[in-house]
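The values are calculated or read from the model by the stated rules, or taken from the named source; none is laboratory data. Because the structure is predicted, anything quoted here is derived from the model rather than measured. Note: ideal-geometry Cβ built from the backbone for every residue, glycine included; neighbour counts use all protein chains shown.
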2 protein chains.
Amino acid sequence: MNFLSVRPSDSDLISSDLYELLESISTKRKMEKHTYLFREGMDAEELYLIQSGLIEIGKLTSDGKDLTLRICQKHDIVGELTLFTEEPRYMLSAKVLEDGEVLVINKNKLEKELIQNGALTFEFMKWMSTHLRKIQSKIRDLLLHGKKGALYSTLIRLSNSYGVERSDGILINIVLTNQDLAKFCAAARESVNRMLGDLRKKGVISIDESGKIILHKRDYLRCEIECENCPLEICNID
Amino acid sequence: MNFLSVRPSDSDLISSDLYELLESISTKRKMEKHTYLFREGMDAEELYLIQSGLIEIGKLTSDGKDLTLRICQKHDIVGELTLFTEEPRYMLSAKVLEDGEVLVINKNKLEKELIQNGALTFEFMKWMSTHLRKIQSKIRDLLLHGKKGALYSTLIRLSNSYGVERSDGILINIVLTNQDLAKFCAAARESVNRMLGDLRKKGVISIDESGKIILHKRDYLRCEIECENCPLEICNID
């Protein structure tokens, strides 16, 4: 099984020069499922380049509301929001979904390296600019068509990040419960259950025996939310 | 009347060096109310530093859904999402709300300048990183507490950007209709009417004769949406 589209992960968006710089100034660290790489509010000294495993980036409010923003995989960068900020604290939390390994990059060290090398900073800016446009496009997706728009855009982004093309459609190749999907949309699980049930009746999706979703009619979802056919580097979930 | 907090506008977040660089490579252009500085989908060759006037940054879908993301004022930068991108197109539209003048900065020219000067790029990165965190914080505000959270956070952000402190509270010193407020929240005007009516009954807000909103109990709004007391450079609307 090959991935539908080798989604341009963050590292593909970064030049090999920048990737090598990140590698040269980093140390390796193992990470275990169910632990946190970092938590919201912690002092932020590091950012991370994922070598293996899966990380969920999200936010948890004191009254238990849980919002998932990204599921990150190999070659994705996390902890980036604290770069170039004074008294940096993590705005979001990074929960390990699957054991793996990360390259740990000291924030100050990276900033110093970047300031000496305009070309490398330029590469990093390109990556940040794409990241900015990705987050901007999410506001549109998550707001403009209500909870239906939030769910449908999440399914499309998941298929771009974790999709495996099959004869009958696209398998989203990670197991996500309806509660996991609800966390992407700040919606109630019950309403996600209903919407998914409706999509199943329409033959737009089906669920395989392992609980993974198969998109049979992705264009139906796109049409419903007036998808703007953003490039893959924008329309993804990691 | 002095502004409540001279909200750190984008230019204050940029060093004088960077501001001078932007000025040195720009040309002046007048802009008239009701016209567009740029529209979504247009080729993006320029970004703009506002010298005077007001600009509304937003998105309009083909079925007429209207989402406002920023109201920008003096010293704010707009058109920034296209920097460092290939085949740049504006993701959003920039509508002139009040006559004024902008500095027009050619995108390629700026990118070339920045690549030669690591320190200036560094300053620009700081600005971009703050912008990234601001947009990220909006996703939380606009989603986590439903339409009430979207409206209350918009009122708080407006007061940080356009607030004038008075003995009885904070005057949001621009005229916004309920429809304008609804566009920030992707909500129906009727539901914004109801929520504002409720706030008026509770004495949290009042409306002056010119239609401007006065916040009498801003902390009530903060408490309702579990405000995280983000710094002013994050919690604003421009």
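Before moving on, here are some points about what is shown:
- Within the option set B:Lys74, B:Lys65, B:Lys112, being away from chain A (no Cβ under 14 Å) and modelled with pLDDT under 95 holds for one residue only, B:Lys74.
- Hey, A:Phe124 assigned to a loop (DSSP other than H, G, I, E, B), surrounded by 17 or more Cβ atoms within 10 Å (Cβ to Cβ), within 11 Å of chain B (Cβ to nearest Cβ) and at pLDDT below 90 or not: no
- When we screen A:Ile237, A:Ile214 for residues that are surrounded by 14 or more Cβ atoms within 10 Å (Cβ to Cβ), among the β-branched types (Val, Ile, Thr) and touching a Gly at 6+ places or on another chain (Cβ under 7 Å), the only hit is A:Ile214.
- Only one entry in B:Glu40, B:Glu56 is outside any helix (DSSP H, G or I), touching a strand residue (DSSP E or B) at 6+ places or on another chain (Cβ under 9 Å), closer than 26 Å to B:Glu87 by Cβ and at pLDDT below 95, namely B:Glu40.
- Total residues in the range B:39-68 satisfying the condition of being free of Cβ contacts under 8 Å to residues at least 12 places away in the same chain and surrounded by 13 or more Cβ atoms within 10 Å (Cβ to Cβ): the figure is 1.
- Any hit, the range B:77-88, residues being modelled with pLDDT of 95 or more, among the charged types (D, E, K, R) and within 18 Å of the chain's Cα centre (by Cα): no
- Lone qualifier among B:Ser137, B:Ser167, B:Ser129 - being in contact (Cβ under 8 Å) with a residue 12 or more places away in the chain and hydroxyl-bearing (Ser, Thr, Tyr): B:Ser137
- Number of the condition not met by A:Asp168 [criteria: (1) over 22 Å from A:Asp66 (Cβ atoms); (2) within 13 Å of another protein chain (Cβ to nearest Cβ); (3) over 19 Å from the mean Cα position of the chain (by Cα)]: (2)
- Meeting the requirement of 3 or more residues that are assigned by TED's automatic domain parsing to the domain that holds A:Lys59 and under 27 Å from A:Glu98 (Cα atoms), no helices (runs of 4 or more DSSP H) wholly within the range A:151-238 can be named.
Residue by residue, here is whether (1) farther than 27 Å from A:Ala187 by Cβ; (2) in contact with a Cys (Cβ under 7 Å, 6 or more places away or on another chain); (3) assigned by TED's automatic domain parsing to the domain that holds A:Val104 holds:
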| site | (1), (2), (3) |
| --- | --- |
| A:Glu32 | yes, no, yes |
| A:Phe38 | no, no, yes |
| A:Gly41 | no, no, yes |
| A:Glu46 | yes, no, yes |
| A:Ile55 | no, yes, yes |
| A:Leu60 | no, no, yes |
| A:Lys65 | no, no, yes |
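- Taking (1) of a type in the set (Val, Ile, Thr); (2) within 21 Å of A:Gln136 (Cα to Cα); (3) more than 8 Å from every other protein chain (Cβ to nearest Cβ) in turn, B:Val175 satisfies each apart from (2).
- Selected residue [within 11 Å of chain B (Cβ to nearest Cβ) and hydrophobic (A, V, I, L, M, F, W, C)] from A:Ile57, A:Ile105: A:Ile57
- Single residue of B:Arg157, B:Arg189 found to be closer than 27 Å to A:Gly64 by Cα and either surrounded by 20 or more Cβ atoms within 10 Å (Cβ to Cβ) or free of Cβ contacts under 8 Å to residues at least 40 places away in the same chain (or both): B:Arg157
- Just one of (1) more than 8 Å from chain B (Cβ to nearest Cβ); (2) more than 14 Å from the chain's Cα centre (by Cα); (3) surrounded by 21 or more Cβ atoms within 10 Å (Cβ to Cβ) fails for A:Tyr36. It is (3).
- Selection status of A:Lys112, without any contact (Cβ under 8 Å) to a residue 24 or more places away in the chain and more than 22 Å from B:Cys235 (Cβ to Cβ): yes
- Within the range A:138-147, if we keep just the residues that are more than 7 Å from chain B (Cβ to nearest Cβ) and surrounded by fewer than 21 Cβ atoms within 10 Å (Cβ to Cβ), the residue that is farthest from A:Cys185 (Cα to Cα) turns out to be A:His145.
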